[in-house]
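Every number here is computed from the coordinates shown, using simple stated rules; none is lab data. These numbers were taken from a predicted model, which means no experiment stands behind them. Cβ sites come from the backbone with ideal geometry, for glycine too, and all protein chains shown count toward neighbours.
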Amino acid sequence: MKIEVRDVPPRAAWALEQAGVHPLLARLYAARGVSSAAELDDGLAQLLPPDRLQGAQAAAVLLADAIAAGRRICIVADYDCDGATACAVGLRGLRLLGATQLDYLVPDRVIDGYGLTPPIAERVAARGAELLITVDNGIASVEGVARARALGLQVLVTDHHLPGGALPPADGIVNPNQPGCGFESKALAGVGVMFYVLLALRAELRARGRFSAATQPRLDSLLPLVALGTVADVVPLDANNRRLVAQGLRRIRAGQMPVGLAALFAVAGRATPRAGSFDFGFALGPRINAAGRLADMTLGIELLLTDDAARAAELAATLDAINRERREIEGGMREQALQIAEGLFEPHADPPAALAVFDPDFHEGVVGIVAARLKDRLHRPTFVFAASGAPGREHELKGSGRSIAGFHLRDALDLVAKRHPGVLLRFGGHAMAAGCTIDEHQFDTFERALQQVATEWLDAATLTRRLHTDGALPPEYRRPDVVDLLHDAVWGQGFAPPVFSEELEIVGQRLVGEKHLALKLRHQGQPVDGIWFGRTEPLPARALLAFRLEADEWQGVRRVRLLIEGLGA
């Protein structure tokens with residue numbers, strides 16, 4: 001692993017510090033591209049206005065008319081955390097704004113696949129809906145939207161994914177990534193797009209005299225759900241997304257959140273007064289996602305919709321159990337997939353430029369997670385395949401891929417499709433994550449084709465694992481209150497949490513739990529504890545280590561501990 005220290009523009013760091021930002025935070029923010037304290041203002045007034053989002057005003061008119069006419073509205077959601085939170089935000093927000101005839105439907109990952117398909121449109125029509133709203137999907141559902149329109153439904157597409165060659169024939173489309181949209185934040189998650197549609201709808205209803213600025217419903221109660229979906233979907237945390245997340249966290253820490261979120265914090269053993277973006281990505285998000293992977297995402301959406309604390313506790317416990325099952329399945333698959341992958345190259349040799357792994361026993365619901373784990377372990381673009389569980393498609397393999405910097409996964413699939421017509425039955429995605437479907441007998445062809453593209457596109461520098469860090473930690477900042485300061489800030493995709501690096505003396509080391517390395521370290525001449533989760537190999541007497549900070553409490557005393565992230569070559 002090559003450890004690279006981020007550059008810190010001195011003028012930006014100085015300007016932030018002069019504006020009252022803590023010196024350490026000033027350095028961290030400057031290294032992440034922040035140049036003025038105004039960019040750190042997370043007030044609601046600083047959110048980008050909805051009138052800049054193309055299609056939002058037309059969507060507001062469509063929805064306001066539907067509410068006035070008492071039309072039945074059905075939301076078609078996606079089966080991940082972003083889709084679940086977007087659905088809950090849509091239903092809660094529309095109810096606040098006067099809609100009474102509301103319904104929702106979530107496609108089944110295995111049977112229905114992704115997005116608004118013609119059969120889904122038919123099911124929505126059969127339920128008596130008159131207006132169909134997609135959340136976190138729909139921009140590529142040309143056939144599904146056409147079928148819905150043919151059945152007499154009005155269709156509003158709200159999505160954030162990249163469009164294909166043709167836009168669906170919807171009555172309205174709201175997507176910051178559609179052609180011609182000048183909205184400054186292209187990184188909105190699906191839940192963020194739906195929240196913005198509600199802001200535009202409220203403004204439209206206000207203009208129609210439905211309520212005044214003083215009496216209008218408050219939509220900020222939805223921000224905890226917006227924050228969860230935004231972080232869980234791993235979209236880049238640009239300034240606008242950071243404001244949405246910060247506002248959601250502020251309300252959660254004050255105890256202002258749906259009872260379902262409180263129940264999720266409880267089963268995850270997390271304290272809401274100390275909630276951070278880490279909790280969304282690693283505690284709450286996986287429990288919601290587990291429902292869509294192994295069971296029915298309706299469980300997750302019902303949890304986010306209920307106002308009954310007892311029901312919320314029951315649903316959260318169910319999701320927690322499903323997530324434990326998911327971890328067990330994932331753990332077994334990960335070890336099996338790693339053995340298969342390592343069988344593709346000689347011991348101590350470099351892996352191939354890209355990996356494709358399949359086993360008949362793999363579970364379709366967790367192939368994406370396992371691909372991510374293998375990619376992290378071997379630093380190669382990786383696809384993991386499982387047999388399709390859809391009736392009549394047992395011969396098909398469904399694959400999920402994760403990539404490394406410098407290898408655009410969706411473009412790679414496009415090149416494979418052009419070079420080998422018929423190998424890919426379906427594919428889609430973006431640079432770092434993509435999915436595809438192939439016939440089982442085409443697996444070897446796909447594997448060779450993917451490796452060929454990777455060999456052409458990737459060089460030794462790209463295939464070298466790099467960890468970007470914030471350099472040395474001044475010893476005066478190795479304090480629990482500084483750990484709390486860092487914890488309270490918003491970090492995530494595109495705005496990486498602080499990781500420091502420097503040469504440390506290893507005074508003592510021992511294995512704990514047979515798979516973690518407990519360390520006694522000397523940092524800047526002072527003793528400090530450390531832990532490296534998942535490492536069993538011993539370290540030399542001195543080593544260049546990358547580490548995060550954690551406040552560890554023992555017998556009522558809080559001390560700083562270093563969580564080791566990597567070893568520099």
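For the stretch 45-319, the extents of the C-alpha atoms along the principal axes are 49, 45, 34 Å, listed from largest to smallest. Dipole magnitude for the stretch 468-567: computed about the Cα centre from +1 point charges on Lys and Arg Cβ and -1 point charges on Asp and Glu Cβ, it is near 300 debye. The spacing between the stretch 322-401 and the stretch 417-481, judged by their C-alpha centroids, is 13 Å. Among Leu167, Thr298, Val490, which residue has its Cα positioned farthest towards the positive end of the charge dipole of the chain, with +1 placed on the Cβ of Lys and Arg, -1 on the Cβ of Asp and Glu, and the dipole taken about the Cα centre? Toward the positive end, the furthest listed residue is Val490. For the stretch 45-319, the residue among Gln216, Ala266, Gly190 whose Cα projects farthest onto the positive side of the dipole built from Cβ charges is Gln216.
The simple Förster model, with R0 at 30 Å and r as the Cβ-Cβ distance, assigns Leu544 and Asp481 a FRET efficiency of 0.65.
Sequence-ordered 3J(HN,Hα) estimates for the stretch 480-489 from the Karplus curve with 6.51, -1.76 and 1.60 and θ = phi - 60° stand at x, 5, 6, 4, 5, 4, 5, 4, 6, 6 Hz, glycine and proline given as x. Along its first, second and third principal axes, ordered by size, the chain spans 74, 61, 47 Å in Cα coordinates. Volume per residue for the stretch 343-457 equals 98 cubic angstrom (convex hull of Cα atoms). Within the stretch 1-115, the percentage of alpha carbon pairs spaced more than 17 angstrom apart rounds to 72%. Here the residues Cys81, Cys74, Cys436, ranked from fewest to most Cβ neighbours within 10 Å of their Cβ, fall in the order Cys74, Cys436, Cys81.
Database remark: amide H of Val499 closer than 5 angstrom to the amide H of Asp470 (H placed geometrically; neighbours at sequence offset of 5 or more, or on other chains; Pro and chain starts carry no H). Rounded to whole numbers, the Karplus 3J(HN,Hα) couplings from phi for the stretch 357-363 are 10, 9, 8, x, 8, 5, 9 Hz, using 6.51 cos²θ - 1.76 cosθ + 1.60 with θ = phi - 60°, and x at Gly and Pro.
Sort the stretch 218-289 into rounded, prolate or oblate with this rule: let a ≥ b ≥ c be the square roots of the eigenvalues of the Cα gyration tensor; rounded if a/c is under 1.5, and if a/c is not under 1.5, prolate when a/b is larger than b/c, oblate otherwise. Oblate shape, in that a/c is at least 1.5 and b/c is the bigger or equal ratio.
Here the stretch 343-457 is treated with +1 on each Lys and Arg Cβ and -1 on each Asp and Glu Cβ, and its dipole about the Cα centre works out to around 380 debye.
Once you sort the root eigenvalues of the Cα gyration tensor of the stretch 282-433 as a ≥ b ≥ c, which label holds: rounded (a/c under 1.5), prolate (a/b larger than b/c) or oblate (the other case)? Note, shape of the stretch 282-433 comes out prolate. Placing unit charges on each Cβ (+1 for Lys and Arg, -1 for Asp and Glu) gives the chain a dipole about its Cα centre, and among Leu205, Trp457, Ala310 the Cα reaching farthest toward its positive end belongs to Leu205. Note on Asp308 and Arg127: with the Förster distance fixed at 30 Å, the Cβ-Cβ geometry gives a FRET efficiency of about 0.80. For a modelled paramagnetic label at Leu162, 7 Å from Cα along Cα-to-Cβ, the residues of the stretch 406-434 in reach, with backbone nitrogen under 12 Å, are 407-415, 428-434. Taken one residue at a time, the phi angles of the stretch 282-296 give Karplus couplings (6.51, -1.76, 1.60, θ = phi - 60°) of 10, 10, 7, x, x, 5, 5, 4, 4, 4, x, 7, 10, 9, 9 Hz. Gly and Pro are set to x. In this simple spin-label approximation, Thr455 and Asp51 carry label points 7 Å from Cα along the Cα→Cβ vector, and these lie 5.8 nm apart. What does the C-alpha gyration tensor say about the overall shape of the stretch 468-567? Classify as rounded when a/c is under 1.5, otherwise prolate if a/b is larger than b/c, or oblate. Since a/c stays below 1.5, the shape of the stretch 468-567 is classed as rounded.
One quarter of the convex hull surface built on the alpha carbon atoms of the stretch 160-301 amounts to 10.7 nm², the projected area averaged over directions.
Helix content alone sets the calculated 222 nm mean residue ellipticity of the chain: runs of n ≥ 4 DSSP H residues at -39500 (n - 2.57) each, divided across all residues, give -12000 deg cm²/dmol. Stretched out straight at 0.36 nm per residue, the stretch from Leu425 to Arg270 would grow longer than its current Cα-Cα span by 51.5 nm. Placing +1 on the Cβ of every Lys and Arg and -1 on the Cβ of every Asp and Glu, with no other charges, gives the stretch 347-406 a dipole of roughly 260 debye about its Cα centre. Note on Phe345 and Asp220: the model spin-label points, each 7 Å out from Cα along the C-beta direction, lie 5.2 nm apart.
Our estimate of slack between Arg71 and Asp488, defined as 0.36 nm per intervening residue step minus the Cα-Cα distance, is 145.8 nm. For Ala356, the residues whose amide H sits under 5 Å from its own are Phe383, ignoring neighbours fewer than 5 places away on the same chain, with H placed 1.01 Å from N.
When you work out D = kT/(6 pi eta Rh) for the stretch 309-386 at 37 °C and 0.692 mPa s, using the Kirkwood radius from C-alpha pairs as Rh and the Stokes-Einstein form, the result is 239 µm²/s. The label-point distance for Gln524 and Glu537, in a model that sets each label 7 Å from Cα toward Cβ, rounds to 3.0 nm.
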